[in-house]
Amino acid sequence: MKAETTDLCVLGAGPAGMSAAIAAAEAGLAVLVVDDQDQPGGQVYRAPSLPRRIVDEDAQTGDALRAAFAASGAKLLAQHLVWGAAREPDGFRIDLLGPEGLATVQTPRLIVATGTTERVVPFPGWTLPGVIGLAAATVLLKAEATLPGKRTVVAGRGPLLYAVAAKILKLGGVVAAVIDQATMGEWTGALPALASNPGLLARGLAWRAQLLSKGVPVLHGEGLAAARGTDSVASIVTTSGRVFECDALAVGHGLIPSTDLTRLLRAEHHFDRARGGWVPARDAMLRTSLPGLYVAGDGGGVSGAAAAAPQGLLAGLAAALDSGRLAAGSRDAEFASLRAAGDNRFGAAMAGMFALRPEQAAAIPADCVVCRCEDVTRQEIDDAIDQGAGEINQVKAWTRCGMGPCQGRVCGDVVAELVAARVGSRERAGQYTARLPLRPLPMAELIGEFDYTDIPIPKPAPL
Amino acid sequence: MTYDVAIVGAGVNGSMTALTLARGGMKVAVIDRGGICRQASGVNAGTLTMQMTRVALMPFALRAHAMWADAKNWLGHDVGVVVCDGLSLAFTEAEEELLSFRATKRREAGAPIELVSGARAREIEPGLPDNVRLAGHCVVDGFANAYLTGQAFRAALLEAGVTLIEDRAVTGAEPAGTGWRLLTSDGPIEAERVVLAGGVWLEQMANWFGVRLPMKCLINQVAVTERMAPVMRTVLGVASGLLSMKQYPHGTVVIGGGWQGTGDPVTGPRDIIPTNLLGNLRLASYVTPALKRARIVRAWLGLEAETADALPAVGALPGADGVFTIGSIHSGYTSGLCIADMLARQLLGQDIPLSLAPFATARLVQEKNA
C-alpha cells in the first residue's frame, strides 16, 4: 500500500482547497491536495473535458485559480477517492483508493474543503429517468457542453435555477419553464444583501432577463406537484396545477454542507439552517474542535464560491501559523480582510434563500419515495417514528432508509426534517452516523491480488 | 412509583429479561441512556450459528436458535430471521485439524455438526472455491436482521406493560427501603430489584454498587455490500471463527467475524483499522469469489463485553442484595434470548431446565471497592 506523509493535506481541489494549498505552500508547508476528479476546479470551476464552447466569467476565474495552484508547488493527488479518515496520535490518517489501488496519507494537519451535496426534496416522480439535479446539470453543461434534454424544465430554489436555465439557452437548448419556489417577495427582500456583490447580482439579473426575452415562463412561489412519465419524464405538474411538457427536469432545492469527513472524525457540529444544515464548529481561523483540523468553503456552511477562495487562503495560513511557519501577529490585517471576504452577505443571503423550509418536508406525500437507494416512503418513515424511533439512526435501522450506496447523503437532510417535525428539533433528530467507506468501494480494487496465507487471520476465539 | 424490577440497559438481554418478568406478572421498567437496541444488539452481524458458539453455551444456543426462529409467534414481531444451513471451512492442514477438533466438541455438546468433504461442501454451497479441504456442516444455523431487534422488542415490551424509559442515563444507585433507588439524568427510579444488562458498560454499572466487576471490551467490525444477485445460500465461516457471512433476502451480504477496530466503553466505537477491514474482506472474497463483483457500502463497529474466562456474567451481584447482572454472553445475540429468559424465570421463582450456575457473576468479582 502506498503511504505518503506531508505537512498539510487538503481534501478537495475546488476554490477553497486550491486557495488553501496556495497559501500554505507559499508559507513553506509541504502540501498534498487530494481530489477524485482528473483535474482541479471542484464543482464550480470544473475543468472542461472538451475545448470550451462558452468562456464565461466562471471559466476565466477557474482557469486563473488552476494556474496559480499549478505554480504553487502544492502536489495534487488526482483521481483519488477519500474513503476513510481517522485521528492518530500525530494527526490524521487519510485512506484513499486511486488508480494504483489503496493508499494512505499521514499528516499532522488537515483542511477539509469538500463543498456541498445537492438537496432534492422528494416529490412524486423524482426518481424517473430524465430527472437530474441542478448540480448534475451544471456538470453536463459546463464540462461536457451537453444539454440535459431537448426540452428542459428547471425547478427548485436558489440562484442555480437561473444559472442552469441561462446556460441551456446559451447552448441552444429549450427551457420549457423555470419554476422557482421563492416568491418575488423573497427575492426583493434579499436584494439589499445581494446588492453587496453588484457583479453577481447583475449577472443574475441578466440571466433572468435573457429567459424573459426568450419567452420562457418563469413562475414564482410554485413548486413541483409531480413529474410524470412512464419510462422517463414526459411532463411536470406545478403545485398550482400548471402542466409543462418536457423530456428533462433539472431540479434542486439548495445545497447541504458535506460533513461526512468531519463527522467521521467526530469534530463538533451544530445545526445552522440558514447555512444549509449541520456544520462543523469553527473559530475565526477556521479551526474545528479538533487540533489540526480546519474546514474551508461551503463544507463549513454554505457561503458561495466567492467566499470559498478567501476562506481557503485563511485556512491555509492558519495551518502555516499553527505549524510555526508564520510569526504570530505578523499577518493579522490580512487575516481580518480574508475573514471579511469569507463571510460575505451575498453568499449568506443566497444560502438563506435556498435553506430547507420545514414546510417543504411536510408537503411530501405519504406514498412518495424519500430514500431512493432503498425505496423507503414517507409513510414508512412516519410509521417508524410512530413505533418509537426518536432519532434518525433508529429510523435508519428500522426502515433501511440511508443504508444504500449513497449512505444517506441524498435523503439524510430531509429524513431528519421529518423526524424533527415529530420530536421537536433537528438537534434531537440528529444526523446519520458517518460510516466508512465514504463512497462505495469495488471489492476487486480493494482486495487486490493476495494469497490465502497472507491474510493476517487473528487467533481463534476460545472454544 | 416503585417497580418490582428495574433493568438498566435495553439491549437484547435486558429487553428479554424484562419481557419474561412482565409476562410473569411483575411491574418492570427498562431504562437506557439511548434508544432500545442501539448498541451491540442492533449493530451486530445477526448470525445465529452454532459453529462459533462456545461449547459451554451450546444447550442455551440451541434453545435460543429455536426461539429466534419462532420469534413471530412468541415475541409477536418479526426480526427477519432466516433459518438455513451453515458451513465452517478449512483451507489448510492446520485449519483442518482445528475444525475437526472444534466441530467434534461442539457436536458432543449437542450441535448437529457433520464433517463433510470439500466436494460435498460445494454441493451445499456452489459458490465456494475448489480448494476447501474439510467443512463443518450444521443444519441449525441462520441469521436475524439485527437492526430490527429494537423495533420488535419495543413493541413487545409495551404490549407486555413494561415501562420503557429511553434516552435517560442512570448515574448511580443508593439503597431505598428494601430495594434500590437508581439516580438518573431525570430524577430517581425506585425498584425492589435491579438487573444490570449493560454489555461492555457492566463494569461501570457494578461500580454504582461498590462492586468491581472487570470487563474486557471487544470492538467488532462488520461490513456490508450493496444489494447483489444471490451469491450464497448458507451462513459461511472459517475454522478459526474469524469470518461470518451471509446474504440477506434483500441482497446485501453482511461480513463479520470479530476483526477488531478501535474504541472503548467511554468513547464508544472509534475507528475501523484499514488492514483489519482488508483482511476480513479478503477472507470473505476468498471464501466466495463472486464477492469480487460486490461493492462495499458500509462498515461499522460494535462493542462486545468479554469476561476473564469468556463466559457469561449472569446472576446475583455479590455484596448488593437484590442486584443481578446479565451480559458478556459471548455469542450473546444468539444465546442471550434463552439465558435472559432463564434468569427472569429464576427471579419469578420458577424452575429452569438448565443451570446458570457456571456463569455466576460472583466468580468474576474482584475485591470490593473502598
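Structure summary
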item	result
Residue count for the range B:78-110, restricted to those that are under 24 Å from the mean Cα position of the chain (by Cα), of a type in the set (Gly, Ala, Ser), away from chain A (no Cβ under 12 Å) and surrounded by fewer than 21 Cβ atoms within 10 Å (Cβ to Cβ)	1
Restricting the range B:268-320 to residues that are polar (S, T, N, Q) and over 23 Å from A:Ile94 (Cα atoms), the residue that is nearest to the other protein chains (Cβ to nearest Cβ)	B:Ser285
Filter result (surrounded by fewer than 24 Cβ atoms within 10 Å (Cβ to Cβ) and closer than 16 Å to A:Ala47 by Cα) within the range A:1-16	none
Those residues of the range A:281-315 which are under 14 Å from the mean Cα position of the chain (by Cα) and surrounded by 24 or more Cβ atoms within 10 Å (Cβ to Cβ), in sequence order	A:Val295, A:Ala296, A:Gly297, A:Asp298, A:Gly299, A:Gly300, A:Gly301, A:Val302, A:Ser303, A:Ala308
Pairs where the first residue, in the range A:218-235, is over 17 Å from A:Lys150 (Cβ atoms) and the second is among the charged types (D, E, K, R) and not in a loop (DSSP other than H, G, I, E, B), C-beta under 9 Å, 6+ apart	A:Val218/A:Asp180; A:Val218/A:Arg208; A:Leu219/A:Asp180; A:His220/A:Asp180; A:His220/A:Glu186; A:Gly221/A:Asp180; A:Gly221/A:Glu186; A:Glu222/A:Asp180
Top-ranked residue of the range B:136-174 - restricted to ones that are farther than 30 Å from B:Glu114 by Cα and of a type in the set (Val, Ile, Thr), ranked as farthest from the other protein chains (Cβ to nearest Cβ)	B:Thr171
Residues satisfying the stated conditions in the range B:236-274, i.e. touching a strand residue (DSSP E or B) at 6+ places or on another chain (Cβ under 6 Å), hydrophobic (A, V, I, L, M, F, W, C) and either under 21 Å from A:Arg400 (Cβ atoms) or free of Cβ contacts under 8 Å to residues at least 12 places away in the same chain (or both)	B:Met245, B:Val253, B:Val254, B:Ile255
Strands (runs of 3 or more DSSP E) contained in the range A:145-244 and holding at least 3 residues more than 19 Å from A:Met353 (Cβ to Cβ)	A:151-156, A:174-180, A:224-228, A:235-238
Single residue of the range B:308-320 satisfying the filter (buried (at least 18 other Cβ atoms within 10 Å of the Cβ) and out of contact with any His (no Cβ under 8 Å at 6 or more places or on another chain)) that is nearest to B:Gly268 (Cα to Cα)	B:Ala313
Inter-residue pairs, beta-carbon under 6 Å, first exposed (fewer than 13 other Cβ atoms within 10 Å of the Cβ) and in the range A:362-378, second modelled with pLDDT of 95 or more, 6+ apart	A:Ala366/A:Arg378; A:Ala366/A:Gln379; A:Asp367/A:Thr377
Qualifying positions in the range B:235-257 - surrounded by 22 or more Cβ atoms within 10 Å (Cβ to Cβ) and at positive phi	B:Gly241, B:Gly257
Strands (runs of 3 or more DSSP E) enclosed by the range A:41-120 - at least 2 residues per element that are out of contact with any Phe, Trp or Tyr (no Cβ under 9 Å at 6 or more places or on another chain)	A:75-77, A:81-88, A:91-98, A:101-107, A:116-118
Selection count, the range A:405-463, where residues are more than 7 Å from every other protein chain (Cβ to nearest Cβ) and of a type outside the set (A, V, I, L, M, F, W, C)	23
Breaking point among (1) of a type outside the set (S, T, N, Q); (2) at positive phi; (3) modelled with pLDDT of 95 or more, for A:Ala67	(2)
Single residue of the range A:244-259 satisfying the filter (farther than 30 Å from A:Gly84 by Cα and of a type outside the set (Asp, Glu)) that is surrounded by the fewest Cβ atoms within 10 Å (Cβ to Cβ)	A:Phe244
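The values are calculated or read from the model by the stated rules, or taken from the named source; none is laboratory data. Just so we're clear, the structure is a prediction, and the values are computed from it rather than from any experiment. Note: ideal-geometry Cβ built from the backbone for every residue, glycine included; neighbour counts use all protein chains shown.
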